[in-house]
1. Is it the case that residue 360 is more than 24 Å from residue 136 (Cα to Cα) and out of contact with any strand residue (DSSP E or B) (no Cβ under 7 Å at 6 or more places or on another chain)?
2. Could you tell me which of the residues 105, 72 is more than 16 Å from ligand 2 (Cβ to nearest atom), in contact with a helix residue (DSSP H, G or I) (Cβ under 6 Å, 6 or more places away or on another chain), under 30 Å from residue 124 (Cβ atoms) and in contact (Cβ under 8 Å) with a residue 12 or more places away in the chain?
3. Within region 200-257, work out how many residues are away from ligand 1 (no atom under 16 Å from the Cβ), more than 22 Å from residue 293 (Cβ to Cβ) and either part of a helix (DSSP H, G or I) or modelled with pLDDT under 95 (or both).
4. Specify the residue that is nearest to residue 41 (Cα to Cα); the eligible residues are those in region 224-240 that are in contact with a strand residue (DSSP E or B) (Cβ under 8 Å, 6 or more places away or on another chain) and within 12 Å of ligand 2 (Cβ to nearest atom).
5. Identify the single condition in (1) within 16 Å of ligand 1 (Cβ to nearest atom); (2) under 20 Å from residue 244 (Cα atoms); (3) at pLDDT 95 or above that residue 304 does not satisfy, given that it satisfies every other one.
6. Of the residues 243, 202, which is more than 16 Å from the chain's Cα centre (by Cα), near ligand 2 (Cβ under 10 Å from one of its atoms), on the phi > 0 side of the Ramachandran plot and in contact (Cβ under 8 Å) with a residue 40 or more places away in the chain?
7. I'd like the full set of residues that are near ligand 1 (Cβ under 10 Å from one of its atoms) and assigned to a helix (DSSP H, G or I), limited to region 47-71.
8. Here is a check on your reading of the model: is residue 361 crowded, with 21+ Cβ neighbours inside 10 Å and either within 15 Å of ligand 1 (Cβ to nearest atom) or at negative phi (or both)?
Ligand code: NAD
Ligand code: DAU
C-alpha cells in the first residue's frame, strides 16, 4: 500500500532509527523526514538512507503552521509520526520557554494543520493517523522503597539474570500524570492536546510513553554517549547526586520496532507504554560502561573508575522510572529483543568505532557542514 508519512524529528536520535526502519522496510511508502535541524538534529545520522527513492528531507520548524499545512496538501500526507521535540531535561531547567514553544505549540500547530487538511478531504479521517511519541517522565517519579532491589515482577529479554526492581510500583497506562521538570511538563501538555484532538474532533491519534532509550546516534549531552566519550578521553564523569537514581533502559531499535507495530496495528485513541523492564541505578550503569570501555580499549580492569566525580544533583531529579509495558506485549506482541549487557556493549563499540561522528559534534563542525549542504540542495 502507498502511504505518505511525515516523521518529525527524523534527524534526531530516535527519529533517525525510525526513519531508517521505515525507509528500508516499506519501499512503497513516501517517507518525509521533517526536521528543523536544531543543535540535536544531524543528517549524518541518516547517511545510509539519504539517497533512497522513498526518502525525502524537509527542513521545517514544527511551529510553522502555514508551511506544514502546505506540506500536508502537497504530499497528501496520511500519517504523522511525531518525534520532534526539545528532549534534554537539563536544558529545560535552564530554558523552559523553548520547551513550551516547540513541544506544546509545535505539537498544536501540527495537530491543527492535520485537522484542517484531513477534514477537507472527502474521506476525512479514514485511513489517517497522528501518532505522538512521548515519555514516561510525564508520570512523575516512582518510589525507591526497595533500595537494595527486589525480584522484578516481570522478565523480558532486556533484563538480565539476577536483575532487580528498586520499588514495588510501576508506571501503567492508567497512572496519573504528575510531571516535575519543565521538559516533562511540556511533554505532558502536548500529550493532552493530542488526546483532546481525538476526543473533540475525532482525529485518529495514538500516544506512546517510552522509557530511556540508548544506542547509536544519541546526542552526547545524554548520560550514555557523554560518559562513553569522557571515559575514552579520560575526562571526569559528572554523576548527579549520589548516582542512586533509577532509569529503565531500552535499546533504541527496539523502540523503533514498537513504533512500527503501533503505527500499523495500534488502536486509535489508545495509549501504550514502551519499556525494557530493565531498571538500573545510574552508578551501576556507569560502572558497566567503565568496564566495557576499558575492556574494549585494552585498559586494565577498572582503570577508569577514578573518573567518577560526584557533582551537585539535577534540580528536581526524579528518583525512579520503571515502565510496565505488558499491554503492548499482550495486545500487539511486541517485546524487547536485546539483552541489556549485549546492548550496552554494542553501543559502546558503536561510539568508539564512530569517533568521527562524535568529534564532528563535539567540535561543532556538524552544524556548519549540514547547514551548508542543505543550502546547496
Ligand atoms: P533528540 O533531541 O535527539 O532529537 C530531536 C529532534 O527534533 C532533532 O532532530 C531536532 O532537530 C528536532 N527538532 C527540535 N525542535 C524542532 C522543531 N521546532 N521543529 C522541527 N524539528 C525540531 O530527541 P530524541 O531523544 O530522539 O527524542 C525524540 C522524541 O522521543 C522526543 O519527543 C522525546 O520526548 C521522546 N522520547 C525520548 C526518549 C529518550 O530516551 N531519548 C524516551 C522517550 C521519549
Ligand atoms: O525517561 C525517558 C527520558 O529519558 C526522555 O524522555 C528524555 O528525552 C531523555 O533525555 C531521558 O531523560 P533522562 O533525564 O533520564 O536522561 P539523561 O541521559 O539526561 O540522564 C539519565 C540519568 O543520568 C538521570 O538520572 C540523570 C543522570 N545524569 C545525566 C547526565 C547527563 C548524570 O548523573 N550525569 C550526567 O552528566
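1. So residue 360 fits the description; yes.
2. Working: 105 fails: in contact with a helix residue (DSSP H, G or I) (Cβ under 6 Å, 6 or more places away or on another chain).
On inspection, the qualifying residue turns out to be 72.
3. Residues meeting the conditions: 2.
4. Quick first cut of region 224-240, residues in contact with a strand residue (DSSP E or B) (Cβ under 8 Å, 6 or more places away or on another chain) only: 224, 227, 230-231, 236-240.
Next, from what is left, pick out any that are within 12 Å of ligand 2 (Cβ to nearest atom): 224, 227, 230, 236-240.
Values: 224: 18, 227: 20, 230: 21, 236: 26, 237: 25, 238: 24, 239: 26, 240: 26 Å.
Checked region 224-240; the qualifying residue nearest to residue 41 (Cα to Cα) is 224.
5. Only one criterion is unmet by residue 304, namely (1).
6. On the way: 202 fails: near ligand 2 (Cβ under 10 Å from one of its atoms).
The conditions single out 243.
7. Residue satisfying the conditions is 68 alone.
8. No; evaluated as a whole, the condition is false for this residue.
The values are calculated or read from the model by the stated rules, or taken from the named source; none is laboratory data. Predicted model, so just to flag it, every value in this text is computed and none were measured. Cβ atoms come from the backbone with ideal geometry, glycine included; neighbour counts cover every protein chain shown.
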